[in-house]
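See below for the structure under consideration.
The values are calculated or read from the model by the stated rules, or taken from the named source; none is laboratory data. From a predicted model like this one, the values you see are computed outputs, not experimental measurements. Cβ placement follows ideal geometry from the backbone for every residue including glycine, while neighbour counts extend to all protein chains displayed.
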Amino acid sequence: MRRASSLTVVVAVTLLSLLLAKGGEAAERPNIIIIYGDDIGFGDFSCYGGVGVDTANIDSLAKSGVRFLSAYCSAATCTPSRYSLLTGEYAFRNQSAQILPGNAPLIIDPSRPTIATFLRDNGYSTALVGKWHLGLGSAEEPLDWNAQIEPGPKEVGFDYSFNMAATADRVPSVYIENGRIVNLDPNDPVQVNYEEMVGNEPTGISHPELLKVQADEQHSGTIVNGVSRIGFMTGGKKARFTDENMADDYLGKAIEFVDQKREQPFFLYYAPNENHVPRVVHRRFQGSTSLGPRGDALALFDWCIGRLVESLKANGQYDNTLIIISSDNGPVQFDGYWEGAIENQGEHKAAGPWRGGKYSRWEGGTRMPLIVSWPGNVTPGISDALVSQVDIYASVAALIGQPMLEGAGADGENLLPALLGKSQQGRDFVIQEALTQIAVRKGNWKYIPPGNITERGGIGEWIRTTVDEPGLLFHLSEDPGETKDLAADYPQQVAEFQAIIHRVAPE
Ligand code: NG6
Ligand code: CA
């Protein structure tokens, strides 16, 4: 038998890899990046009508990708939404999936496979960079912050992690890399307490003169970097983060991770702090928008996305990377710190046309910006398909053509064709949650069962609305502001919603 010449071999191998890259294996195993903003509302990006802040990098991905108008996060606060995104299960099924203190134990049972576990088991290299807020350590014993911090991201599927424990406004104000506090001096151990003071460091109450930004009582615990936080910590002086550098720190780690993954498909869950409080951004961005620190943080978020995309392009990874951009809950202006967000918002409508924002069962609480980009593989456009972040896991499983792992959350639907802009067909209805109470959107209708609705009002103010029997019913396309309750006029419609709730979310 004649041996193939080396030229023939080279040609064959090249053809084969081209084939794989085009329609075969490589195309079904794109890199996947979920960029998860914090407290960013439906109307915050310029492509969604935001004014006073230019999100050119996000807008450009939206233009070549799909921009969704009826996309939802699972809840109007962080922890439950992140829980649903990773598990594919509605958060109201897990009683612990509520805003967590910084020293809460991990609320995802490590025996339950997340989207990260799933992708890791299917050959992906997986990473978390940024905000976690799903708890660390086990519920059985108090966490020692100075040892290996586990279980945590690794035990629920992330090969690599560089994260803060909870939020930037909660202690401990340190980064954790692969379960270890970064720059921890063993002679200066970290202690964290949410009930009482630990150590003798200044707090927002004892030393207000040390503060860069004034805070409410809740945010007046230990002062780190001139910002008082929720909770108390002591020790770990060298390990504490600097808010002004946080976006750059996370971006640096995200870029480092993707740079290393040129041969293996990767999944990056990139969760920057922006636009959560405290909004203490880098000097480069201070005053860069007309909206004050809240707008500056949005501009910074957009800039980070631009740099990440640039780096994917430089590495030749961009065309084979599915990028999903969204947020964990609706917007809030004042959330504990006097940053001027209300005073400076001008014409900008952070929740777009929707009522309410973070914490609330009004649309603004959970109706999110969502952009899906994957050059050559999405049909660019604007989509009104009803999709929820709880569907991302099942859709990604469909994308790579593998069944979800046993024990995965069962609330998600495979909406891959909709997410790729190939179909306008979304889910039939979606459950929205806010502070453990729910609402349902189906078609043009939205139903809010009896209970109450909580939202932030002005500075330091909360608004609570009581919802009586039989609940509130709104027609969203005719009444996006949820002002005209039609429950009394459409009892049949209300009954249909109640049946959905009875079936999907029984008490
Ligand atoms: C709330 C905090 C708020 C913010 C939120 C969590 C008070 C009064 N408010 O409890 O400032 O930290 O929790 O935000 O403490 S989230 O986006 O992580 O859900
Ligand atoms: Ca949030």
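Filter the range 62-82 down to the residues that are away from ligand 1 (no atom under 11 Å from the Cβ), part of a helix (DSSP H, G or I) and buried (at least 24 other Cβ atoms within 10 Å of the Cβ) and list them by number.
First pass over the range 62-82, keeping only residues away from ligand 1 (no atom under 11 Å from the Cβ): 62-72, 74.
Of the ones still in play, those that are also part of a helix (DSSP H, G or I) are 62-64.
Listed by number, the list holds a single entry, ALA62.
Condition check: in contact (Cβ under 8 Å) with a residue 12 or more places away in the chain, more than 16 Å from ligand 1 (Cβ to nearest atom), within 16 Å of PRO278 (Cα to Cα) and of a type outside the set (D, E, K, R). Does ALA341 satisfy that?
On the way: in contact (Cβ under 8 Å) with a residue 12 or more places away in the chain: yes; more than 16 Å from ligand 1 (Cβ to nearest atom): no; within 16 Å of PRO278 (Cα to Cα): yes; of a type outside the set (D, E, K, R): yes.
Criteria not met by ALA341.
Contact list please: Cβ distance under 6 Å, first residue in the range 167-195 and more than 14 Å from LEU136 (Cβ to Cβ), second residue within 16 Å of ligand 2 (Cβ to nearest atom) and among the hydrophobic types (A, V, I, L, M, F, W, C), pairs at least six apart or on different chains.
What qualifies is ASP169/ILE230; ASP169/VAL277.
In the range 322-357, which residues are assigned to a strand (DSSP E or B) and not polar (S, T, N, Q)? Talk me through it step by step, then tell me what you get.
Going through the range 322-357, the residues assigned to a strand (DSSP E or B) turn out to be 322-327, 337.
Passing the criteria: LEU322, ILE323, ILE324, ILE325, TYR337.
Which ones in the range 440-472 are in contact with a Pro (Cβ under 9 Å, 6 or more places away or on another chain) and at negative phi?
Taking the range 440-472 and keeping what is in contact with a Pro (Cβ under 9 Å, 6 or more places away or on another chain), we get 440, 449-450, 466-472.
Passing the criteria: VAL440, PRO449, PRO450, THR466, VAL467, ASP468, GLU469, PRO470, LEU472.
I want to confirm something. Restricting to the range 482-502 and keeping residues that are among the charged types (D, E, K, R) and over 20 Å from THR366 (Cβ atoms), which single residue is surrounded by the most Cβ atoms within 10 Å (Cβ to Cβ)? Reasoning before the result, please.
The initial filter retains those residues of the range 482-502 that are among the charged types (D, E, K, R), namely 482, 484-485, 489, 496.
Next, only the ones that are over 20 Å from THR366 (Cβ atoms) stay: 484, 489, 496.
Details: LYS484: 12, ASP489: 11, GLU496: 15.
Among them, the one singled out is GLU496.
Condition (residue is more than 16 Å from ligand 1 (Cβ to nearest atom), buried (at least 24 other Cβ atoms within 10 Å of the Cβ) and not in a loop (DSSP other than H, G, I, E, B)) applied to the range 310-321: is it met by at least one residue?
At the first step, the residues of the range 310-321 found to be more than 16 Å from ligand 1 (Cβ to nearest atom) are 310-321.
Among the residues that remain, those that are also buried (at least 24 other Cβ atoms within 10 Å of the Cβ) are: none.
For the range 310-321, residues more than 16 Å from ligand 1 (Cβ to nearest atom), buried (at least 24 other Cβ atoms within 10 Å of the Cβ) and not in a loop (DSSP other than H, G, I, E, B): absent.
Is it true that some residue in the range 276-283 is surrounded by fewer than 22 Cβ atoms within 10 Å (Cβ to Cβ) and away from ligand 2 (no atom under 16 Å from the Cβ)? Break it down into steps so the answer makes sense when it comes.
Initial filter on the range 276-283 (surrounded by fewer than 22 Cβ atoms within 10 Å (Cβ to Cβ)): 282-283.
The next check asks that each one be away from ligand 2 (no atom under 16 Å from the Cβ); those that pass are 282-283.
Yes, the conditions are met somewhere in the range 276-283.
Mind checking which residues of the range 344-362 are basic (Lys, Arg) and within 12 Å of ligand 1 (Cβ to nearest atom)? Spell out how you get there, then give the answer.
As a first pass, look at the range 344-362 and keep what is basic (Lys, Arg): 349, 355, 358, 361.
Once the filter is applied, which keeps residues that are basic (Lys, Arg) and within 12 Å of ligand 1 (Cβ to nearest atom), the range 344-362 yields only LYS358.
Give the residues of the range 298-309 that are within 16 Å of ligand 1 (Cβ to nearest atom) and among the aromatic types (Phe, Trp, Tyr), sorted by residue number.
Of the residues in the range 298-309, the ones within 16 Å of ligand 1 (Cβ to nearest atom) are 298, 301.
Matches in the range 298-309: PHE301 only.
Right, ALA215: within 16 Å of ligand 2 (Cβ to nearest atom) and in contact with a strand residue (DSSP E or B) (Cβ under 9 Å, 6 or more places away or on another chain) or not? First the steps, then the outcome.
Working: within 16 Å of ligand 2 (Cβ to nearest atom): no; in contact with a strand residue (DSSP E or B) (Cβ under 9 Å, 6 or more places away or on another chain): yes.
So ALA215 does not fit the description; no.
Of these, GLY357, GLY381, which one is in contact (Cβ under 8 Å) with a residue 40 or more places away in the chain, in contact with a Gly (Cβ under 9 Å, 6 or more places away or on another chain) and closer than 13 Å to CYS73 by Cβ? Steps first, please.
Values: GLY381 fails: closer than 13 Å to CYS73 by Cβ.
It is GLY357.
For the range 116-171, which positions are within 15 Å of the chain's Cα centre (by Cα), among the basic types (Lys, Arg) and farther than 19 Å from ASN183 by Cα?
none
Report, ordered by the first and then the second residue, all pairs with beta carbons closer than 7 Å, sequence separation of six or more or different chains, a first member in the range 103-130 that is farther than 24 Å from ARG229 by Cβ, and a second member that is modelled with pLDDT of 95 or more and among the charged types (D, E, K, R).
If the second residue must be modelled with pLDDT of 95 or more and among the charged types (D, E, K, R), the pairs left are PRO110/GLU155; ARG120/ASP159; SER125/ASP159; SER125/LYS261; THR126/ARG120; THR126/ASP159; ALA127/ASP159.
Which condition number does PRO470 fail, the rest of (1) outside any loop (DSSP other than H, G, I, E, B); (2) surrounded by 11 or more Cβ atoms within 10 Å (Cβ to Cβ); (3) out of contact with any strand residue (DSSP E or B) (no Cβ under 9 Å at 6 or more places or on another chain) being met?
If we test PRO470 against (1) outside any loop (DSSP other than H, G, I, E, B); (2) surrounded by 11 or more Cβ atoms within 10 Å (Cβ to Cβ); (3) out of contact with any strand residue (DSSP E or B) (no Cβ under 9 Å at 6 or more places or on another chain), just (1) comes out false.
Among the listed residues ALA147, ALA91, ALA97, which satisfies the condition of being more than 16 Å from ligand 2 (Cβ to nearest atom) and within 23 Å of TYR194 (Cβ to Cβ)?
Numbers: ALA91 fails: more than 16 Å from ligand 2 (Cβ to nearest atom); ALA97 fails: more than 16 Å from ligand 2 (Cβ to nearest atom).
Checking each option against the conditions leaves just ALA147.
If a residue must be in a loop (DSSP other than H, G, I, E, B) and either among the hydrophobic types (A, V, I, L, M, F, W, C) or in contact with a Gly (Cβ under 9 Å, 6 or more places away or on another chain) (or both), how many such residues does the range 360-376 contain? Spell out the reasoning first.
Kept after step one, since they are in a loop (DSSP other than H, G, I, E, B), are these residues of the range 360-376: 360-362, 374-376.
The next check asks that each one be either among the hydrophobic types (A, V, I, L, M, F, W, C) or in contact with a Gly (Cβ under 9 Å, 6 or more places away or on another chain) (or both); those that pass are 360-362, 374-375.
Qualifying residue count, the range 360-376: 5.
Please pick out the residue among GLY130, GLY102 that is assigned to a loop (DSSP other than H, G, I, E, B), within 15 Å of ligand 2 (Cβ to nearest atom) and either farther than 24 Å from ASP249 by Cβ or modelled with pLDDT of 95 or more (or both).
On the way: GLY130 fails: assigned to a loop (DSSP other than H, G, I, E, B).
Exactly one of GLY130, GLY102 is assigned to a loop (DSSP other than H, G, I, E, B), within 15 Å of ligand 2 (Cβ to nearest atom) and either farther than 24 Å from ASP249 by Cβ or modelled with pLDDT of 95 or more (or both), namely GLY102.
Run down SER161, SER173 and say which single residue is crowded, with 22+ Cβ neighbours inside 10 Å and touching a Leu at 6+ places or on another chain (Cβ under 6 Å). Step through it out loud before you land on a result.
On the way: SER173 fails: touching a Leu at 6+ places or on another chain (Cβ under 6 Å).
Testing whether each residue is crowded, with 22+ Cβ neighbours inside 10 Å and touching a Leu at 6+ places or on another chain (Cβ under 6 Å) leaves just SER161.
Quick one: ASN94 ticks every box in (1) away from ligand 1 (no atom under 16 Å from the Cβ); (2) surrounded by fewer than 24 Cβ atoms within 10 Å (Cβ to Cβ); (3) more than 22 Å from ARG229 (Cβ to Cβ); (4) not hydrophobic (A, V, I, L, M, F, W, C) bar one, so which box is it?
Checking ASN94 against (1) away from ligand 1 (no atom under 16 Å from the Cβ); (2) surrounded by fewer than 24 Cβ atoms within 10 Å (Cβ to Cβ); (3) more than 22 Å from ARG229 (Cβ to Cβ); (4) not hydrophobic (A, V, I, L, M, F, W, C), the one that fails is (1).
Take the range 97-115 and flag every residue that is buried (at least 24 other Cβ atoms within 10 Å of the Cβ), away from ligand 1 (no atom under 13 Å from the Cβ) and of a type in the set (A, V, I, L, M, F, W, C).
Answer for the range 97-115, where residues must be buried (at least 24 other Cβ atoms within 10 Å of the Cβ), away from ligand 1 (no atom under 13 Å from the Cβ) and of a type in the set (A, V, I, L, M, F, W, C): ILE108, ILE115.
Report every pair of residues separated by at least 6 positions or lying on different chains whose Cβ atoms are under 7 Å apart, first residue within the range 65-81 and over 12 Å from THR436 (Cα atoms), second near ligand 2 (Cβ under 10 Å from one of its atoms) and in a strand (DSSP E or B).
Once the first residue is over 12 Å from THR436 (Cα atoms) and sits in the range 65-81, its partners that are near ligand 2 (Cβ under 10 Å from one of its atoms) and in a strand (DSSP E or B) give CYS73/SER327.
Are any residues in the range 378-421 within 18 Å of ARG82 (Cβ to Cβ) and either out of contact with any Phe, Trp or Tyr (no Cβ under 9 Å at 6 or more places or on another chain) or not in a loop (DSSP other than H, G, I, E, B) (or both), and if so, which ones? Give the derivation first.
The initial filter retains those residues of the range 378-421 that are within 18 Å of ARG82 (Cβ to Cβ), namely 387-396, 408-409, 411-412.
Within the range 378-421, VAL387, SER388, GLN389, VAL390, ASP391, ILE392, TYR393, ALA394, SER395, VAL396 qualify.
Tell me the residue from PHE301, PHE267 that is crowded, with 24+ Cβ neighbours inside 10 Å, among the hydrophobic types (A, V, I, L, M, F, W, C) and in contact with a Ser or Thr (Cβ under 6 Å, 6 or more places away or on another chain), please.
On the way: PHE301 fails: in contact with a Ser or Thr (Cβ under 6 Å, 6 or more places away or on another chain).
Unique residue meeting the criteria: PHE267.
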